[in-house]
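The values are calculated or read from the model by the stated rules, or taken from the named source; none is laboratory data. Because the structure is predicted, anything quoted here is derived from the model rather than measured. Here the Cβ is made from the backbone with ideal geometry for all residues, glycine too, and neighbour counts use every protein chain on show.
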Amino acid sequence: MDMKILGIESSCDETAAAVYVDGAIKSNIIASQAIHEQFGGVVPELASRAHHKTIWKTVDQALNEAEVSVEDLDAIAVAQGPGLMGSLLVGLSFAKGLALSYYKPLIGVNHIDAHLYANFIESPEVYPFVGLIVSGGHTRLVYVDKPFSHNILGETRDDAAGEAFDKIGKLLGLPYPAGPVMDKRAKNGNPEFHSFPRSMIKKGLDFSFSGLKTSVLYYVQDQTDEFIQEHLDDICASVSAAITDVLTTKLKRAVKQNPVKHIMLAGGVSANSMLRAKVGKMADEMGLNLMMPALQYCTDNGAMIAVTGAIKANLNQFDDLSLKPFARVS
Ligand code: KG4
Ligand code: ZN
């Protein structure tokens, strides 16, 4: 794929830009919005304002670091959705402005697709594969037999896996986003300290995490603050064990029902060390090729948008200035 693509991501609370040049990522700049921490979750209006403030700087930095000028680009790829409408609009309007001023083609990228194709930043493109997308907004199992042809095998019926980590972390007094903090604490804890429910683990490929959240809420209410503080690492490990057991079991079931040689993890929660270890073991036992993005490409980033843009450009899938953002998957 010999081309130069700028990738812009602004669907939630990270303003990100990256430059892809001839098969490799040359820069990957992420401006995280710390402002949401004090609210324990993303405040949409504040997110759009922060994107607006940092987008030019972020894109400029990505181009500078890659030593690529806007004139050199073959296309500008941008996250089109799903995400927060106000946030998406900032990235999309910026991308359109650049495309219009420099006569560059525009490529709208689906944010969920981009999480999956982040795996092709460092591994060659292979099909068919079964993918598990686990982020703050989505938990989905897909069978993909060719680019952008996704057969949804299962989805969450309530909270996403990342949302479960974040909401449960909040109950435990951890800062937002709690996923990475829980991961770190879990490494020093006992995953068998308390057995939290593994909802819907026995059958099917759909997920449910709201029961686990309620179960942790009751557990926390039954204990003293001192007990929770003293055993925080153990509780984090036990919660992580419940979430990752369900994810691994469902992924295994999906592969048994849809035999493939390649599987992949994608999305923010694919950075979770317990999940990576469990799925790694499963892949070894089943003789599967497991792809997992490098840690910097798991959570929202511009590189995943740029690489997906490159795959689309190769298939001649370009957009024009009428490209519209979408908040939800139809
Ligand atoms: O993909 P992402 O950056 O944004 C969405 O598209 O939603 O995912 C963010 C989610 C958050 O819920 C965050 O807590 C979770 O990914 N996350 C993790 C870890 N790193 C990020 N969850 C568990 N363990 C981690 N190491
Ligand atoms: Zn994401």
Within the stretch 150-207, residues farther than 30 Å from PRO128 by Cβ, assigned to a helix (DSSP H, G or I) and either of a type outside the set (D, E, K, R) or not assigned by TED's automatic domain parsing to the domain that holds ARG276 (or both) come out as ILE168, GLY169, LEU171, ALA178, PRO180, VAL181, MET182, ALA186
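Residues to consider are ALA75, ALA24; find the one that is out of contact with any strand residue (DSSP E or B) (no Cβ under 9 Å at 6 or more places or on another chain) and aliphatic (A, V, I, L, M). Can you show your working first?
Working: ALA75 fails: out of contact with any strand residue (DSSP E or B) (no Cβ under 9 Å at 6 or more places or on another chain).
The unique qualifying residue is ALA24.
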*With respect to LYS53, is the statement that it is in contact with a strand residue (DSSP E or B) (Cβ under 8 Å, 6 or more places away or on another chain) and more than 16 Å from ligand 1 (Cβ to nearest atom) true?*
no
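May I ask you to verify whether PRO124 is in contact (Cβ under 8 Å) with a residue 12 or more places away in the chain, of a type outside the set (S, T, N, Q) and surrounded by fewer than 21 Cβ atoms within 10 Å (Cβ to Cβ)? Full working, then the answer.
Details: in contact (Cβ under 8 Å) with a residue 12 or more places away in the chain: no; of a type outside the set (S, T, N, Q): yes; surrounded by fewer than 21 Cβ atoms within 10 Å (Cβ to Cβ): yes.
No: the conditions fail for PRO124.
Suppose we keep only residues that are of a type in the set (Gly, Ala, Ser) and either surrounded by 20 or more Cβ atoms within 10 Å (Cβ to Cβ) or in a helix (DSSP H, G or I) (or both) within the stretch 25-51. Which one would you say is modelled with the lowest pLDDT? Spell out the reasoning first.
Start the filter on the stretch 25-51 by keeping residues that are of a type in the set (Gly, Ala, Ser), which leaves 27, 31-32, 34, 40-41, 47-48, 50.
From what's left, either surrounded by 20 or more Cβ atoms within 10 Å (Cβ to Cβ) or in a helix (DSSP H, G or I) (or both): 27, 34, 47-48, 50.
Numbers: SER27: 98, ALA34: 85, ALA47: 88, SER48: 92, ALA50: 89.
Among them, the one singled out is ALA34.
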The one condition THR139 fails out of (1) closer than 25 Å to ILE235 by Cα; (2) without any contact (Cβ under 8 Å) to a residue 60 or more places away in the chain is (2)
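Is it the case that some residue within the stretch 143-156 is farther than 27 Å from ASN316 by Cα and among the charged types (D, E, K, R)? Even if it seems obvious, please write down each step before you answer.
Applying the first criterion (farther than 27 Å from ASN316 by Cα) to the stretch 143-156 yields 153-156.
Okay, now just the ones that are also among the charged types (D, E, K, R), so 155.
Looking for residues that are farther than 27 Å from ASN316 by Cα and among the charged types (D, E, K, R), one finds at least one in the stretch 143-156, hence yes.
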If you go through LEU217, LEU212, LEU153, the only one that is surrounded by fewer than 21 Cβ atoms within 10 Å (Cβ to Cβ) and either over 17 Å from the mean Cα position of the chain (by Cα) or within 16 Å of ligand 1 (Cβ to nearest atom) (or both) is LEU217
When ALA277 is run through (1) touching a residue at least 12 places away in the same chain (Cβ under 8 Å); (2) small (Gly, Ala, Ser); (3) surrounded by fewer than 21 Cβ atoms within 10 Å (Cβ to Cβ), the failure sits at (1)
* Verdict on ALA327 being at pLDDT below 95, on the phi < 0 side of the Ramachandran plot and touching a strand residue (DSSP E or B) at 6+ places or on another chain (Cβ under 8 Å) -> yes
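Among the residues of the stretch 280-302, is any modelled with pLDDT of 95 or more, assigned to a helix (DSSP H, G or I), out of contact with any strand residue (DSSP E or B) (no Cβ under 9 Å at 6 or more places or on another chain) and away from ligand 2 (no atom under 16 Å from the Cβ)?
As a first pass, look at the stretch 280-302 and keep what is modelled with pLDDT of 95 or more: 280-302.
From what's left, assigned to a helix (DSSP H, G or I): 280-286, 295-297, 302.
Next cut, out of contact with any strand residue (DSSP E or B) (no Cβ under 9 Å at 6 or more places or on another chain) only: 281, 285, 295.
Cutting the leftovers down to away from ligand 2 (no atom under 16 Å from the Cβ) gives us 281, 285.
Looking through the stretch 280-302, at least one residue is modelled with pLDDT of 95 or more, assigned to a helix (DSSP H, G or I), out of contact with any strand residue (DSSP E or B) (no Cβ under 9 Å at 6 or more places or on another chain) and away from ligand 2 (no atom under 16 Å from the Cβ).
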Within the stretch 249-274, the count of residues that are buried (at least 24 other Cβ atoms within 10 Å of the Cβ) and within 16 Å of ligand 2 (Cβ to nearest atom) comes to 8
Just one listed residue, out of VAL78, VAL109, VAL144, VAL68, is surrounded by fewer than 24 Cβ atoms within 10 Å (Cβ to Cβ) and either within 16 Å of ligand 2 (Cβ to nearest atom) or part of a loop (DSSP other than H, G, I, E, B) (or both), and it is VAL68
The residue from VAL239, VAL220, VAL246 that alone is more than 16 Å from ligand 2 (Cβ to nearest atom), in a helix (DSSP H, G or I) and over 17 Å from ARG185 (Cβ atoms) is VAL246
